[in-house]
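First the structure, in the form of structure tokens, and then the observations on it.
The values are calculated or read from the model by the stated rules, or taken from the named source; none is laboratory data. Here the structure is a predicted model, which means the values were calculated and not measured. Cβ coordinates were reconstructed from backbone atoms using ideal geometry, including for glycine residues, and neighbour counts include every protein chain displayed. Note: accessible area is taken over every heavy atom of the protein model, side chains too, but ligands, DNA and RNA are not part of it. Shrake-Rupley method; radii C 1.70, N 1.55, O 1.52, S 1.80 Å.
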Amino acid sequence: MRFLYSFCIMLLFLSCSNDSGTGPNDPGPAPEVQIVDPDASRETKYLFHNLRKYMGDAVMFGHQDDLAYGIDWNSEYGKSDVELVVGDYPAVYGWDLGDIESSSFNLDGVDFEGMKFWMQLGYKRGGINTASLHLDNPVSGGDAWDTERAVPYLLPGGSHHEKFKEILNDIAAFFKDIKGENDEPVPVIFRPWHEHNGAWFWWGVGSCTRKQYIDLWRFTVEYLRDTKNVHNLLYAYSPSAYVSDAEYLDRYPGDDYVDILGLDCYSLYSSDQIPTFRAQITRLNRMAASRGKVPALTETGYESIPIKNWWTQYLLRPIKHDSATSQLSFLLVWRNWTRNHHFAPYPGHSSAPDFIEFYNDPLTWFEADLPDMYGRETLIKVFRLYK
Ligand code: BMA
């Protein structure tokens with residue numbers, strides 16, 4: 001009965017949407033966008049188009065591993081610490097592909113098949129997925145934080161080039177296997193080789209030259225896009241805290257290789273850091289505007305959120321400061337692993353009331369605030385009715 005009802009509603013929506021004369025199964029053309037992949041899927045182009053369209057109207061809230069686990073729970077369908085606190089899901093879901101080449105679980109214990117399922121679920125509800133890559137050092141066999149020199153060996157002609165291509169094959173297969181209702185690949189904002197202006201990862205500033213980093217980035221994009229035909233990605237470039245445009249752009253691979261200008265910034269622990277934070281997002285947003293890109297705070301947070309009003313007074317206030325700071329498209333806080341290592345509140349957390357205020361602010365968007373981001377309005381409406 002419930003199925004029959006939902007089927008009728010689906011038919012109703014589809015027939016209402018059929019006023020363009022293109023037929024119910026024709027989703028219509030993709031918008032014209034300047035992105036890294038000219039052959040990107042229609043939904044991927046729509047995502048970029050809409051991220052740009054809503055800049056200034058909204059900052060979309062994101063949370064790493066949100067649907068996979070939280071405080072005192074793991075892998076429970078529909079559960080989310082964010083949802084438990086505000087009654088709504090994040091607009092953006094962060095995931096990490098570290099260990100994809102060696103294990104069926106990522107470095108933080110999320111199984112990759114489950115990850116695909118949650119990415120699909122988030123997309124079906126209208127949310128946005130982004131993936132980072134804490135990849136093990138392919139040369140030393142150590143983890144992402146093992147800074148032994150590796151990048152030159154991964155590039156064409158290098159001793160570990162074939163091995164690197166095999167890793168990229170696994171990544172390509174993963175991205176191609178995340179599918180929506182019509183078998184379309186789910187768009188993902190891919191954020192490889194992040195925080196490279198720091199020296200803590202093997203792709204960081206201490207372990208390779210500027211040219212090697214840029215070559216690594218370009219090879220990654222070209223191999224996934226041109227050799228493996230992965231067409232559901234937007235590419236995010238994300239240094240960590242920086243002081244000048246020149247520093248931010250020092251290892252920039254070029255406008256043809258980047259869609260999202262990201263920033264990973266955790267330095268918001270005391271009020272005297274707020275002006276520096278504001279200066280960084282102002283610069284970021286201006287650089288993105290002048291290049292036709294999307295600016296985003298791709299990682300932020302305060303581990304275990306020890307300041308009660310951190311959400312509204314430390315994070316949101318500087319973002320709302322003026323018309324330049326408020327252009328950020330989305331922000332993402334890190335994962336809820338334990339009571340000593342979490343970045344979003346859970347029920348009973350001392351920052352939960354402030355997070356509810358943050359949620360209620362018209363500038364912050366969570367799932368229920370999201371308009372159709374992918375050019376497939378009818379299906380989202382039907383799905384939300386039955387979630
Ligand atoms: C760090 C911590 C680690 C985790 C890593 C990659 O910030 O959360 O526990 O393994 O990110 O997700």
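LEU107 fulfils the conditions (1) within 16 Å of the ligand (Cβ to nearest atom); (2) open to solvent by less than 40 Å² (accessible area, probe 1.4 Å); (3) assigned to a loop (DSSP other than H, G, I, E, B); (4) free of Cβ contacts under 8 Å to residues at least 40 places away in the same chain except for a single criterion, (2).
For the stretch 350-387, residues that are at pLDDT below 95 and either among the β-branched types (Val, Ile, Thr) or on the phi > 0 side of the Ramachandran plot (or both) total 4. Pairing residues of the stretch 82-93 that are over 11 Å from GLN64 (Cα atoms) and in contact (Cβ under 8 Å) with a residue 12 or more places away in the chain with residues that are open to solvent by less than 20 Å² (accessible area, probe 1.4 Å) and of a type in the set (S, T, N, Q), at Cβ distances under 7 Å and at least 6 apart in sequence or on separate chains, gives TYR89/SER80.
Close Cβ contacts (under 8 Å, 6 or more residues apart or on different chains) running from residues in the stretch 176-187 that are over 10 Å from TYR123 (Cα atoms) to residues that are of a type in the set (Lys, Arg) and in a loop (DSSP other than H, G, I, E, B) comprise LYS176/LYS228.
Among the residues of the stretch 31-64, write down those that are outside any strand (DSSP E or B), aromatic (Phe, Trp, Tyr) and in contact with a strand residue (DSSP E or B) (Cβ under 9 Å, 6 or more places away or on another chain). I'd like the intermediate steps shown before the answer.
Filtering the stretch 31-64 for residues outside any strand (DSSP E or B) gives 31-58.
Now drop any that are not aromatic (Phe, Trp, Tyr), which leaves 46, 48, 54.
Those that are outside any strand (DSSP E or B), aromatic (Phe, Trp, Tyr) and in contact with a strand residue (DSSP E or B) (Cβ under 9 Å, 6 or more places away or on another chain): PHE48, TYR54.
If you filter the stretch 208-230 down to residues that are of a type in the set (S, T, N, Q) and not in a loop (DSSP other than H, G, I, E, B), you find that the one that is least open to solvent (accessible area, probe 1.4 Å) is THR220.
Can you tell me how many residues in the stretch 323-345 are in a loop (DSSP other than H, G, I, E, B) and within 16 Å of the ligand (Cβ to nearest atom)?
Count: 9.
Residues of the stretch 143-165 that are within 12 Å of THR220 (Cα to Cα) and either surrounded by fewer than 19 Cβ atoms within 10 Å (Cβ to Cβ) or within 16 Å of the ligand (Cβ to nearest atom) (or both): LEU155, PRO156, HIS161, LYS165. Within the stretch 328-342, the set of residues being out of contact with any Phe, Trp or Tyr (no Cβ under 9 Å at 6 or more places or on another chain) and open to solvent by 30 Å² or more (accessible area, probe 1.4 Å) comprises THR338, ASN340.
Take ALA131 and tell me if it is touching a Lys or Arg at 6+ places or on another chain (Cβ under 6 Å), outside any loop (DSSP other than H, G, I, E, B) and either more than 16 Å from the ligand (Cβ to nearest atom) or open to solvent by less than 40 Å² (accessible area, probe 1.4 Å) (or both). In short, no. Looking only at residues in the stretch 296-322 that are within 13 Å of the ligand (Cβ to nearest atom) and not in a strand (DSSP E or B), which one is least open to solvent (accessible area, probe 1.4 Å)? Only one residue fits best here, namely GLY301.
Selection of the stretch 181-207 for residues being out of contact with any Leu (no Cβ under 7 Å at 6 or more places or on another chain), open to solvent by less than 10 Å² (accessible area, probe 1.4 Å) and not β-branched (Val, Ile, Thr) yields ARG191, HIS194, HIS196, GLY198, PHE201, TRP202, GLY204, SER207.
Identify, please: which residue in the stretch 231-253 is of a type in the set (A, V, I, L, M, F, W, C) and without any contact (Cβ under 8 Å) to a residue 60 or more places away in the chain and is, among those, surrounded by the fewest Cβ atoms within 10 Å (Cβ to Cβ)? Looking at residues that are of a type in the set (A, V, I, L, M, F, W, C) and without any contact (Cβ under 8 Å) to a residue 60 or more places away in the chain, I get ALA246.
Of the conditions (1) at positive phi; (2) within 17 Å of the chain's Cα centre (by Cα), LEU263 satisfies every one except a single condition; which number is it? Only one criterion in (1) at positive phi; (2) within 17 Å of the chain's Cα centre (by Cα) is unmet by LEU263, namely (1).
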